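The values are calculated or read from the model by the stated rules, or taken from the named source; none is laboratory data. This is a predicted model, so every value here is computed, not measured. Don't worry about glycine lacking a Cβ; one is built from the backbone with ideal geometry, like all the others, and counts go over all protein chains shown. Areas reflect the complete protein model, heavy atoms only, side chains present, ligands, DNA and RNA absent. Shrake-Rupley method; radii C 1.70, N 1.55, O 1.52, S 1.80 Å.
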Amino acid sequence: MITVTAPAQFQAWQAKVMPPVEEIRPGVWSIPVPFIGNPMRYTLSYLLVGNGEAALVDPGWDSAEGWESLTAGLAAAGVAPQQITAIVVTHFHPDHLGMAARLREASGAPVALGEHEPLPAQWRGDPARFVVEDREQFAAWGVPAEFLDEVSFQTETWAQMTMVAEPQIRLVDGELLPVAGITVRVLSTPGHTPGHICLVDEANQLILTGDHVLPRITPHVSLEAQGQLNPLGDYFNSLEIMGAGADMEVLPAHEYRFLGLMDRVAELTEHTLERSREVIAVLDSGAAANVWEVSKELTWSRGFESLRGFTLRLALAETASHLVYLQKQGREVGIEVSRGTPTPARP
């Protein structure tokens, strides 16, 4: 369906090792940053060099090893951390945003996120009650008491997530990155997160897709962050607008570069719709009365029983997103999908 354009990255992915630092176009560099303790293994950060200014896209998971890899990659491109003038993050997940604070401290550069991307501290009206409300939500989804601790956020985990500082810049759909000498446009692509963005570099015929479109893995789309009323609906809409980069080389945040964006979009669309059809079949069978019971009946790569901890949380949130999507499509699902306490509107 796609054509791999980065043989070294592809071979590294197959061999489960880190890929090399590469110059993709003049002034456009791919720098892998290790994603510690995760099967994804690394995030692909991208350095965009302009006229005396430079942007670093998705600095990756924060760790000493990651910082060493990032700075070594910058050095290979002839750029010191102090020369970065903008830190652009496609979405708030810690394997993308995590290193931003460290890079900002070293460079003084502002951190930029999409205008509609809420940080975890904004998900609920009262952050102090989030842990309690999160547990209540999963209980309402039918999660048995013995699994509630492992699927819901604990105080320590939530504290780590809410320590992320507010970005200095919010990027609006269609605007250019504030970096002299490059012409890279923001493309709003909500779905994987409420404010996910892609970046379109028409001069170099490149599209940076973050986690929105990956060459092999299907991005997780869940009913997670507050402010997303229908994340799957958003995701499908965002896939439809990817024609903006139809013939461009795709620079994803994980795995490897490729051509064939619209073929991959079609594949992702069909895969996700097939999941919804599977949910419908479970509902029609009468075998499920809540989110937990629907999830148990769905096909998971290693079986539902293998899902534990955060992976189980994501599976349940994905199932909930399909139920909400089907409701929005006008189908009666007969299952309550609670969302906890709504977030107040951003001033």
Does Ser238 satisfy the condition of being open to solvent by less than 40 Å² (accessible area, probe 1.4 Å), in contact with a helix residue (DSSP H, G or I) (Cβ under 9 Å, 6 or more places away or on another chain), modelled with pLDDT of 95 or more and among the polar types (S, T, N, Q)? no
Over region 281-314, the set of residues assigned to a helix (DSSP H, G or I), open to solvent by 60 Å² or more (accessible area, probe 1.4 Å), of a type outside the set (Ser, Thr, Tyr) and within 20 Å of Ala145 (Cβ to Cβ) is Glu293, Lys296, Glu305, Phe310
Within region 22-41, can one find any residue that is assigned to a strand (DSSP E or B), within 14 Å of Arg257 (Cα to Cα), open to solvent by less than 30 Å² (accessible area, probe 1.4 Å) and of a type in the set (Gly, Ala, Ser)? yes
Are any of the residues in region 267-275 of a type in the set (Lys, Arg), closer than 26 Å to Trp141 by Cβ, over 14 Å from the mean Cα position of the chain (by Cα) and open to solvent by 50 Å² or more (accessible area, probe 1.4 Å)? no
Is it fair to say Leu223 is touching a helix residue (DSSP H, G or I) at 6+ places or on another chain (Cβ under 7 Å) and part of a loop (DSSP other than H, G, I, E, B)? yes
For residues that are under 30 Å from Leu176 (Cα atoms) and surrounded by 17 or more Cβ atoms within 10 Å (Cβ to Cβ), scanning just region 116-155, find the one that is modelled with the lowest pLDDT. Trp123
Within region 49-69, does at least one residue satisfy the condition of being more than 25 Å from Val179 (Cβ to Cβ), open to solvent by 50 Å² or more (accessible area, probe 1.4 Å) and of a type in the set (Val, Ile, Thr)? no
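Condition check ((1) modelled with pLDDT of 95 or more; (2) under 19 Å from Leu214 (Cβ atoms)) across all residues:
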{"site": "Ala55", "(1), (2)": "yes, no"}
{"site": "Trp61", "(1), (2)": "no, yes"}
{"site": "Val88", "(1), (2)": "yes, yes"}
{"site": "Ala100", "(1), (2)": "no, no"}
{"site": "Ala106", "(1), (2)": "yes, no"}
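Tally time: how many residues in region 176-200 are in contact (Cβ under 8 Å) with a residue 24 or more places away in the chain, over 30 Å from Ala320 (Cβ atoms) and touching a strand residue (DSSP E or B) at 6+ places or on another chain (Cβ under 7 Å)?
6
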List, please: which pairs have Cβ atoms under 7 Å, are six or more places apart or on different chains, and start with a residue in region 70-84 that is more than 14 Å from Gly60 (Cα to Cα) and modelled with pLDDT of 95 or more and end with one that is part of a helix (DSSP H, G or I) and polar (S, T, N, Q)? Pro81/Thr71; Pro81/Ser107; Gln82/Ser107; Ile84/Ser107
What is the one condition in (1) modelled with pLDDT under 95; (2) open to solvent by less than 20 Å² (accessible area, probe 1.4 Å) that Pro94 does not satisfy? (2)
Of Ile280, Ile335, which residue is in contact (Cβ under 8 Å) with a residue 40 or more places away in the chain and farther than 27 Å from Val213 by Cα? Ile335
Could you go through region 257-276 and let me know if any residue there is in contact with a Lys or Arg (Cβ under 7 Å, 6 or more places away or on another chain) and modelled with pLDDT of 95 or more. no
Complete set of residues in region 190-216 that are more than 12 Å from the chain's Cα centre (by Cα) and among the hydrophobic types (A, V, I, L, M, F, W, C): Leu199, Val200, Ala203, Leu206, Ile207, Leu208
Being in a strand (DSSP E or B) and within 20 Å of Phe35 (Cα to Cα) is true for just one of Leu199, Leu187, Leu214, Leu208. Which residue is that? Leu208
Among the residues in region 323-342, are any touching a Gly at 6+ places or on another chain (Cβ under 7 Å), open to solvent by 40 Å² or more (accessible area, probe 1.4 Å) and at pLDDT 90 or above? yes
Yes/no for Pro19 being open to solvent by 50 Å² or more (accessible area, probe 1.4 Å) and over 19 Å from the mean Cα position of the chain (by Cα): no
When Ala139 is run through (1) within 23 Å of the chain's Cα centre (by Cα); (2) without any contact (Cβ under 8 Å) to a residue 60 or more places away in the chain, the failure sits at (1)
